[in-house]
């Protein structure tokens, strides 16, 4: 009974784990298709691709990025009170807002691509992939409301499945289009930019496939919606002007907070391009450096961070439901579980990427350019600690949003951004650090945010995260795991001189040893394991090997 209760209480972790697995698989697919795409369009093409996506991400945030969170939060609040008609009215209102804002911003980006790429980034060729990806802003606006509605109904399956479909289609089309665009424009001076445009076309087609899937799920679910609405005869009906106001009050702080997050990347690229230009670097040279930074370092770091984003997505409606029911102790318990779960993943991910930076990059991005390879390895070794800070800042943002303190993450992100911009500009201007300055900024930005967030959470909720099981034991186990990974890789590579084979064996045995050590050192309890998907199987294995 205790285990059943614990699993029910931690259902948001189960739902978050489903979304995390889908997000992780999506990131891995994204990682895998980036390998042939990078080989096709080169570091220069990836630089144009990166510039286009930074502008695109800002536009996406302004138009619709906050919709899943806003819709899931409001739908969850009404659903827990059985006000089904109001929850559905929220969805309809949000869809209209998203469609209008998505269309307007898509048109602005499409027709203003030359200005954004040429004036802001000093990279006129980035306008070609940017114009190609602009229509996706409208598609993602509609997708966001559908995902948010189902998340508010406490199911992550539609979001998870649609993410996988989106990424699989994206992978195939991106590689296919990148190659064919390069061939079709082989005589053009903009050949790398056209290759990048092929990559962004995959994003648009992938989103179209995800939207079709979500539309089918919605129509399949519509009889249940109608049935719930018929049963809801007692609740007061919210007027649409009031719903639009609630959406605005929820969306605006999230937009500001996430815009600040994305602005750090946009400003990094803009500052980097301008300062490197003033130091005599050509646009092709600093585009290539940005390509290494974005398509190798940032891409790998973002893989484990996607787990934190998934847990945060499931955490906000869970906290809202607990607050509506007056279960304040439950709110604190959910925060504790979410932080601990994320640190159990983020800390070993950071250590593993530091220890195995060279074999991982050589396996995923084989290149004859030794200077490029060395640079990517150093960036990953130095900057992998950012994984931990991004995980903490993402979860702490979700906590503050869940308890309706929406403006606090905005203030903290703005403070961090100001520090970040000054730091990166000074390092680029007055040192020869070059792209390493961007990595340092990528570490300090989430670090400042999570420190400020946790100070606020401590004051508002009188909450303090326990340290032993959440941080100390995972860190000790991670360092031991790192030693295992290093020795296994060296030993395997000595016997079988295949980098890919040795890397896969090292990662597999390192992951197994980490979770064995975590259970052995009591970093995770039996009750907590029962709250995870297939937790009973993990416990059975742990007991079989006398780990608990």
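The values are calculated or read from the model by the stated rules, or taken from the named source; none is laboratory data. From a predicted model like this one, the values you see are computed outputs, not experimental measurements. Ideal geometry is used to build each Cβ from the backbone, glycine not excepted, and the neighbour counts take in all protein chains shown.
Test residue 457 against the criterion of being in the same structural domain as residue 366 (by TED's automatic domain parsing) and either in contact with a strand residue (DSSP E or B) (Cβ under 8 Å, 6 or more places away or on another chain) or in contact (Cβ under 8 Å) with a residue 40 or more places away in the chain (or both), and give yes or no. Yes, satisfied. Within the stretch 410-428, residues that are touching a residue at least 40 places away in the same chain (Cβ under 8 Å) sit with their Cβ atoms under 8 Å from residues that are not in a helix (DSSP H, G or I), at 6+ positions apart or across chains, in these pairs: 428/434.
Let's see how each residue does on (1) under 23 Å from the mean Cα position of the chain (by Cα); (2) in the same structural domain as residue 30 (by TED's automatic domain parsing); (3) at pLDDT 90 or above:
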{"residue": "359", "(1), (2), (3)": "no, yes, yes"}
{"residue": "369", "(1), (2), (3)": "no, yes, no"}
{"residue": "380", "(1), (2), (3)": "yes, yes, yes"}
{"residue": "386", "(1), (2), (3)": "yes, yes, yes"}
{"residue": "397", "(1), (2), (3)": "yes, yes, no"}
{"residue": "400", "(1), (2), (3)": "yes, yes, no"}
{"residue": "405", "(1), (2), (3)": "yes, yes, no"}
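Return the only residue of 479, 501, 445, 471 being in the same structural domain as residue 263 (by TED's automatic domain parsing) and assigned to a helix (DSSP H, G or I). Going through 479, 501, 445, 471 in turn, the sole match is 445. For the stretch 156-168, indicate whether the set of residues that are surrounded by fewer than 20 Cβ atoms within 10 Å (Cβ to Cβ), closer than 16 Å to residue 37 by Cα and in the same structural domain as residue 113 (by TED's automatic domain parsing) is non-empty. There is at least one residue in the stretch 156-168 that is surrounded by fewer than 20 Cβ atoms within 10 Å (Cβ to Cβ), closer than 16 Å to residue 37 by Cα and in the same structural domain as residue 113 (by TED's automatic domain parsing).
The number of residues in the stretch 115-153 that are closer than 30 Å to residue 281 by Cβ and either assigned to a helix (DSSP H, G or I) or not assigned by TED's automatic domain parsing to the domain that holds residue 59 (or both) comes to 16.
Do we have any residue at all in the stretch 316-331 that's assigned to a loop (DSSP other than H, G, I, E, B), within 30 Å of residue 189 (Cβ to Cβ) and in contact with a helix residue (DSSP H, G or I) (Cβ under 9 Å, 6 or more places away or on another chain)? Step through it out loud before you land on a result.
Our first condition is that a residue be assigned to a loop (DSSP other than H, G, I, E, B); within the stretch 316-331, this holds for 325-327.
Checking which are within 30 Å of residue 189 (Cβ to Cβ) leaves us with none.
No, because not a single residue in the stretch 316-331 is assigned to a loop (DSSP other than H, G, I, E, B), within 30 Å of residue 189 (Cβ to Cβ) and in contact with a helix residue (DSSP H, G or I) (Cβ under 9 Å, 6 or more places away or on another chain).
If the condition is being in a loop (DSSP other than H, G, I, E, B) and surrounded by 10 or more Cβ atoms within 10 Å (Cβ to Cβ), then the stretch 219-238 contributes 232, 235, 237, 238.
For residue 425, the test of being surrounded by 18 or more Cβ atoms within 10 Å (Cβ to Cβ), assigned by TED's automatic domain parsing to the domain that holds residue 299 and touching a helix residue (DSSP H, G or I) at 6+ places or on another chain (Cβ under 6 Å) is passed.
In summary, residue 251 fulfils each of the numbered conditions (1) closer than 22 Å to residue 117 by Cβ; (2) crowded, with 20+ Cβ neighbours inside 10 Å with the single exception of condition (1). When 41, 54, 100 are checked against the criterion of being assigned to a helix (DSSP H, G or I) and surrounded by fewer than 21 Cβ atoms within 10 Å (Cβ to Cβ), a single residue qualifies: 100.
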